[in-house]
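The values are calculated or read from the model by the stated rules, or taken from the named source; none is laboratory data. All values reported here derive from a predicted model rather than from experimental measurement. SASA here: full protein model, heavy atoms, side chains in, ligands and nucleic acids out. Shrake-Rupley method; radii C 1.70, N 1.55, O 1.52, S 1.80 Å.
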Amino acid sequence: MSTMLHKLSKEMGIKESELVSQSVKAYIRSELGKIESQLYLLYHKYKIKSIQELEHAIKKGEVVESDVLDDLTKIDYLESEKIKMMNFFRDVR
């Protein structure tokens, strides 16, 4: 791997560390895109813009919690993954 990294960095004319950094950022952007796509589909399904709106609809009795529990759990997980990925992206140098 390190030989390939060295060869590629020489070919592209950039430092290995910069190549790694840009590769990690590209990977994180890709993962964020997947997460945001899944969130969009779930939000669209319930015509909401946030998990708070779905929780509010549950409290108001507009939707039954047991009917949306799986999606609510998935939204919560995806939101936490999104935050984690955004923090990773911010920390990449």
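Key figures for this structure:
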quantity	calculated
Inter-centroid distance (Cα atoms) of region 64-88 relative to region 23-54, Å	9 Å
Accessible area per residue in Å² at 1.4 Å probe, computed on the chain	77 Å²
Lysines with Cα under 26 Å of Lys15, excluding same-chain neighbours fewer than 8 positions away	Lys7, Lys25
Surface share of carbon and sulfur [accessible, 1.4 angstrom probe, percent] for the chain	56 percent
Length-normalised contact order for the chain - Cα pairs under 8 Å, 6+ apart - percent	38 percent
